[in-house]
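Engineer: The structure under discussion is supplied below as structure tokens; questions concerning it will follow.
The values are calculated or read from the model by the stated rules, or taken from the named source; none is laboratory data. The shown structure was predicted, so the numbers you read here are calculated from the model rather than taken from an experiment. When we count neighbours, we look across all protein chains shown, and the Cβ atoms used for this are built from the backbone with ideal geometry, even at glycine.
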Ligand SMILES: Nc1ncnc2c1ncn2[C@@H]1O[C@H](COP(=O)(O)OP(=O)(O)OP(=O)(O)O)[C@@H](O)[C@H]1O
Ligand SMILES: [Mg+2]
């Protein structure tokens, strides 16, 4: 991706976000159920309901509401959550780091598992044991992340209670950190006891998110490795006296990585989407978990803020993937 | 004197079909032997068998391949690998697909030198620069830092030739190294191979369709058809007094400057039919039976 392309992509970000904003705004107001209905006590008078509606601006025409909200968002004000009664932006900033850390840990775990599985699989290529690897990958891929969450929770939380099954960290631990990136900050500042306690809580949800993604990475990478190994340059490397593991690692792997990152990188968005249910199952305090509460309570401002946040994450991820592919493939760098 | 390469009674089968049906051929030290024959004759299979590059479903069912007297098929994997790329080298057919697309030219050559000759990074770089200059690349420093897609096909073939001769091989197998190039570049590449093999004292097994090229650079030649050697000998003898009808037909089908175009005759179809039906008959004899 050359700089021209990068600029073009960046220019497209605001219109994309605007489109997302329109869709979520309209959908929320077309679908039945509104936040006021969820919060009024039984027996409230029509006048009370009307006052509440006016308070949140819900008595205005949709276009008017949208214009008001958009103006506020543009100036960094996402409004107040109706159900939690806090500033939406503050809520997001408090919770987003938890989700980012979980997704990062899950992605890294998945990449390690996936790359190892693919390399083992390709080394066994053509032998009977290759089927074992392919079968294992198939099983991992067939079970979705939330099911893994339940399985892991039952196995390591209930049957063999090795690991905590809820929350981000034990409440009695004094964090005393400056940012909300607890894990990253505690590692960077050398508070490894805290990092360890955090990881203890994150292992199960991260693993649940990682396993299907690891299988995807393994399958993509193994297929690309097989394809690259059949190319002339890899065959010729054999005629130059390099051993097969050497060729796979040094000649084939750098080539196979390109399609794997291009196709697999975008799939991290699926993993991010998976955080919604998995965070819920493990009562992990990230934005995914918060999204479910927001939807149950029809908390319009919070839902809108969350959807925009996810949209920004997805766009950033796609850009990042394209940048990485460009770095890996010299043919894209020089056109 | 031990032959650099001695192939004896080599039989190679793909599934039930015999691709090579008992091929014998040798290449003496410093000799250039042409290997000709129509498409599908098994020329590349022979080269691949020597280099240990036979496709997965292929098997050698009989015969011996000796390099400087040592049986390549019988020796340990590690020993064979130490010969390949160092003592036995390959100039591939298609320069566009034969270099690793994500590695710089300098690194690809340098790795080979470090792998086989144990050179340091610095020494490998110096030697790489020399090698590129040797294949008439005028600005080696610049080319070192380029990726394969940034240079032309002719240039890539030069790089591949430099890699083939990098470790002073005793034998170079060139499988139609000029077919993928255009005519003017073909001639330059041929001259280059000729110059380098003289300088490095390498023997060459030169696979080609082009009898003109054989006449020019090969001292001896072997005519292959349907996996068998039909004729072999000194190039001048074979070309001037071809004994086999197929060789005569092949010669007649080759365009020559001293002969009018209308005299060009294709290889007679009934001759090819006859040879192929014979080959088919040979296929009915089980390939493994001979082993
Ligand atoms: N990978 C393969 N699988 C099956 N059959 C093959 C394979 N490669 C080659 N063959 C067959 O083996 C025979 C010999 O092929 P080979 O490539 O050696 O011919 P060639 O003389 O090099 O021809 P060309 O001049 O076209 O390169 C042919 O009949 C071909 O169809
Ligand atoms: Mg061939």
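Engineer: What is the one condition in (1) surrounded by fewer than 17 Cβ atoms within 10 Å (Cβ to Cβ); (2) modelled with pLDDT of 95 or more that residue A:215 does not satisfy?
Structural biologist: Going through the list (1) surrounded by fewer than 17 Cβ atoms within 10 Å (Cβ to Cβ); (2) modelled with pLDDT of 95 or more, residue A:215 breaks only (1).
Engineer: Further question: I'm trying to understand the selection: among the residues of the stretch B:103-124, which are part of a helix (DSSP H, G or I) and farther than 20 Å from residue B:196 by Cα?
Structural biologist: As a first pass, look at the stretch B:103-124 and keep what is part of a helix (DSSP H, G or I): B:105-117, B:121-124.
Across the stretch B:103-124, the qualifying residues are B:107, B:111, B:114, B:115, B:121, B:122, B:123.
Engineer: Okay, next question. Restricting the search to the stretch B:30-47, which residues are buried (at least 21 other Cβ atoms within 10 Å of the Cβ) and within 13 Å of ligand 2 (Cβ to nearest atom)? Write out each step before concluding.
Structural biologist: Residues of the stretch B:30-47 buried (at least 21 other Cβ atoms within 10 Å of the Cβ): B:32-37, B:41-43, B:45-47.
Answer for the stretch B:30-47, where residues must be buried (at least 21 other Cβ atoms within 10 Å of the Cβ) and within 13 Å of ligand 2 (Cβ to nearest atom): B:35, B:36, B:37, B:41, B:42, B:43, B:45, B:46, B:47.
For (1) over 30 Å from residue A:258 (Cβ atoms); (2) part of a loop (DSSP other than H, G, I, E, B), each residue gets a yes or a no:
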site	(1), (2)
B:8	yes, no
B:20	yes, no
B:23	yes, no
B:30	yes, yes
B:74	yes, yes
B:82	yes, no
B:86	yes, yes
B:101	no, yes
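Engineer: While we're here: Working only within the stretch B:33-60, note down all residues that are over 20 Å from residue B:232 (Cα atoms) and within 10 Å of ligand 1 (Cβ to nearest atom).
Structural biologist: If we filter the stretch B:33-60 for residues that are over 20 Å from residue B:232 (Cα atoms), which is where we start, we get B:48, B:51-60.
Scanning the stretch B:33-60 gives B:48, B:54, B:55, B:56, B:57, B:58.
Engineer: Between B:58, B:128, which is within 16 Å of ligand 2 (Cβ to nearest atom), without any contact (Cβ under 8 Å) to a residue 60 or more places away in the chain and surrounded by 16 or more Cβ atoms within 10 Å (Cβ to Cβ)? Let's see the steps before the verdict.
Structural biologist: Numbers: B:128 fails: within 16 Å of ligand 2 (Cβ to nearest atom).
So the residue among B:58, B:128 that is within 16 Å of ligand 2 (Cβ to nearest atom), without any contact (Cβ under 8 Å) to a residue 60 or more places away in the chain and surrounded by 16 or more Cβ atoms within 10 Å (Cβ to Cβ) is B:58.
Engineer: Further question: Please determine, by comparing only the residues of the stretch B:190-213 that are in a helix (DSSP H, G or I) and at pLDDT below 90, which one is farthest from ligand 1 (Cβ to nearest atom). Please lay out each step first, then the result.
Structural biologist: So the first thing to find is which residues in the stretch B:190-213 are in a helix (DSSP H, G or I), and the list is B:190-200, B:211-213.
In the following step, the residues that additionally are at pLDDT below 90 were identified as B:211-213.
Values: B:211: 13, B:212: 16, B:213: 14 Å.
For the stretch B:190-213, the residue satisfying everything is B:212.
Yes or no, residue by residue, for (1) touching a helix residue (DSSP H, G or I) at 6+ places or on another chain (Cβ under 7 Å); (2) in a loop (DSSP other than H, G, I, E, B); (3) closer than 16 Å to residue A:25 by Cβ; (4) outside the structural domain of residue A:104 (by TED's automatic domain parsing):
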{"site": "A:279", "(1), (2), (3), (4)": "yes, no, no, no"}
{"site": "A:285", "(1), (2), (3), (4)": "yes, yes, no, no"}
{"site": "A:293", "(1), (2), (3), (4)": "no, no, no, no"}
{"site": "A:303", "(1), (2), (3), (4)": "yes, no, yes, no"}
{"site": "A:308", "(1), (2), (3), (4)": "yes, no, yes, no"}
{"site": "A:317", "(1), (2), (3), (4)": "yes, no, no, no"}
{"site": "A:322", "(1), (2), (3), (4)": "no, no, no, no"}
{"site": "A:327", "(1), (2), (3), (4)": "no, no, no, no"}
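Engineer: Looking only at the stretch B:67-95, which residues are surrounded by fewer than 16 Cβ atoms within 10 Å (Cβ to Cβ) and facing another protein chain (nearest Cβ under 9 Å)?
Structural biologist: Correct list: B:77, B:78, B:82.
Engineer: Looking at the stretch B:1-32, which of its residues are within 16 Å of ligand 1 (Cβ to nearest atom) and out of contact with any strand residue (DSSP E or B) (no Cβ under 9 Å at 6 or more places or on another chain)?
Structural biologist: Result: B:16, B:17.
Engineer: Sort out which residues of the stretch B:231-250 are touching a strand residue (DSSP E or B) at 6+ places or on another chain (Cβ under 6 Å), crowded, with 19+ Cβ neighbours inside 10 Å and free of Cβ contacts under 8 Å to residues at least 40 places away in the same chain, and write them in order of number.
Structural biologist: Passing the criteria: B:231, B:238, B:246, B:247.
Engineer: Is it the case that the stretch B:32-51 has a residue that's within 12 Å of another protein chain (Cβ to nearest Cβ), more than 15 Å from the chain's Cα centre (by Cα) and part of a helix (DSSP H, G or I)?
Structural biologist: no
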